[in-house]
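Read the figures in this text as sums done on the coordinates, not as results from a lab. None of the values given here were measured: they were computed from a predicted structure. Every residue, glycine among them, receives a Cβ derived from its backbone with ideal geometry; neighbour counts consider all protein chains shown.
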Amino acid sequence: MQLIAEDLVIDRGSRRIIDGLSFAVKGGEALVLTGANGIGKTTLLRTLAGFIRPFRGVIRLDGGDDELTLGEQSHVVGHTNAVKSSLSVAENAGFWNTYLNVGLDSGQDPALRIAASLRHFGLEDLSDFPAAYLSAGQKRRLGLARLLVARRPVWLLDEPTASLDTASSERLVAAVNDHTSSGGLAVIATHLPLGLERARTLDLAAQRMAA
Ligand SMILES: Nc1ncnc2c1ncn2[C@@H]1O[C@H](COP(=O)(O)OP(=O)(O)OP(=O)(O)O)[C@@H](O)[C@H]1O
């Protein structure tokens, strides 16, 4: 499996944000996007997810499921956590298990998968807690638990360690490392060095200067 971007040109409003960017990420790899505020990391991730249409260029997932779009094969974690305040922690995870598994077979009992996801992010004791009352870091951990409640081969993560303490950041890094070691791929925007295994860095500032 390989995620390929060729000659991407992306505009926001009347400004050109990405100009002629090409890269490839193989299954088993993480690509870490770096660059100063406003350089275009979120814009690129949202374009990969299918939320923004590029002005020009090609994005494709070779070796994926031809019946599904790239977005349908991706977990997308943005700046907001997509936590439903009216549901409990476990109900949120249950909702995503149902919603995100559409078109993809998780291959595991939903209840076991949900419990394992919450355990991985240290939320098992908060299962019945109303999501509305979670702290910022707990909400972030619940947002990240989505990554494990349903199997998707592509992870697109925007500043995933925002609000996380050191231990929680390490849980995220472990989840990404497990994902890539089992053949998944990830594209991750971050300002912090994450210490991921099997990771390469794409510096968008250097790309912009070269364009
Ligand atoms: N909806 C929009 N309309 C016009 N310009 C936008 C829009 N969204 C973002 N931009 C601009 O696009 C540029 C890239 O923004 P983007 O959010 O992709 O940067 P980033 O690298 O993720 O930044 P940060 O590190 O601050 O999160 C910025 O100059 C921003 O102002």
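So if I check each of Ala111, Ala205, Ala93, Ala199, which one is free of Cβ contacts under 8 Å to residues at least 12 places away in the same chain and aliphatic (A, V, I, L, M)? So that I can check it myself, show each step before the final result.
Working: Ala205 fails: free of Cβ contacts under 8 Å to residues at least 12 places away in the same chain; Ala93 fails: free of Cβ contacts under 8 Å to residues at least 12 places away in the same chain; Ala199 fails: free of Cβ contacts under 8 Å to residues at least 12 places away in the same chain.
It is Ala111.
Just checking, does the range 32-40 include any residue being in contact (Cβ under 8 Å) with a residue 40 or more places away in the chain and under 14 Å from the mean Cα position of the chain (by Cα)?
Looking for residues that are in contact (Cβ under 8 Å) with a residue 40 or more places away in the chain and under 14 Å from the mean Cα position of the chain (by Cα), one finds at least one in the range 32-40, hence yes.
Is it the case that the range 50-67 has a residue that's of a type in the set (Gly, Ala, Ser), assigned to a strand (DSSP E or B) and buried (at least 16 other Cβ atoms within 10 Å of the Cβ)?
The answer is yes; a qualifying residue exists.
Does the range 181-195 hold any residues that are on the phi < 0 side of the Ramachandran plot and surrounded by fewer than 21 Cβ atoms within 10 Å (Cβ to Cβ), and which are they? So that I can check it myself, show each step before the final result.
Initially, the range 181-195 is screened for residues on the phi < 0 side of the Ramachandran plot, giving 181-182, 184-194.
Within the range 181-195, Ser181, Ser182, Thr190, His191, Leu192, Pro193, Leu194 qualify.
Looking at Thr47, is it out of contact with any helix residue (DSSP H, G or I) (no Cβ under 8 Å at 6 or more places or on another chain), farther than 30 Å from Leu123 by Cβ, touching a residue at least 24 places away in the same chain (Cβ under 8 Å) and crowded, with 16+ Cβ neighbours inside 10 Å?
Yes, satisfied.
Restricting attention to the range 55-77, does a residue exist that is aliphatic (A, V, I, L, M), in contact (Cβ under 8 Å) with a residue 24 or more places away in the chain and under 27 Å from Ala132 (Cβ atoms)?
yes
If we scan the range 168-188, do we find a residue that is among the hydroxyl-bearing types (Ser, Thr, Tyr), over 18 Å from the mean Cα position of the chain (by Cα), away from the ligand (no atom under 16 Å from the Cβ) and farther than 30 Å from Asp65 by Cα? Show your work before the answer.
Initially, the range 168-188 is screened for residues among the hydroxyl-bearing types (Ser, Thr, Tyr), giving 168-169, 180-182.
From what is left, the residues that are over 18 Å from the mean Cα position of the chain (by Cα) are none.
Scanning the range 168-188, I find no residue that is among the hydroxyl-bearing types (Ser, Thr, Tyr), over 18 Å from the mean Cα position of the chain (by Cα), away from the ligand (no atom under 16 Å from the Cβ) and farther than 30 Å from Asp65 by Cα, so the answer is no.
Hey, among the residues in the range 22-44 that are in a loop (DSSP other than H, G, I, E, B) and near the ligand (Cβ under 8 Å from one of its atoms), which one's surrounded by the most Cβ atoms within 10 Å (Cβ to Cβ)? Quick ask: steps written out before the conclusion?
Quick first cut of the range 22-44, residues in a loop (DSSP other than H, G, I, E, B) only: 27-29, 35-40.
Still in the list and also near the ligand (Cβ under 8 Å from one of its atoms): 35-40.
Working: Gly35: 18, Ala36: 11, Asn37: 6, Gly38: 9, Ile39: 19, Gly40: 24.
Looking at residues that are in a loop (DSSP other than H, G, I, E, B) and near the ligand (Cβ under 8 Å from one of its atoms), I get Gly40.
Report the residue count in the range 72-91 for those that are under 28 Å from Leu3 (Cβ atoms) and either acidic (Asp, Glu) or surrounded by 14 or more Cβ atoms within 10 Å (Cβ to Cβ) (or both).
The total comes to 10.
If only one of Asp65, Asp19 is acidic (Asp, Glu), over 26 Å from Thr161 (Cβ atoms) and within 13 Å of the ligand (Cβ to nearest atom), which one is it?
Asp19
List pairs: first residue in the range 115-131 and at negative phi, second residue in a loop (DSSP other than H, G, I, E, B) and charged (D, E, K, R) anywhere in the structure, Cβ distance under 7 angstrom, at least six positions apart or on different chains.
Matching pairs, first to second residue: Ala131/Lys84.
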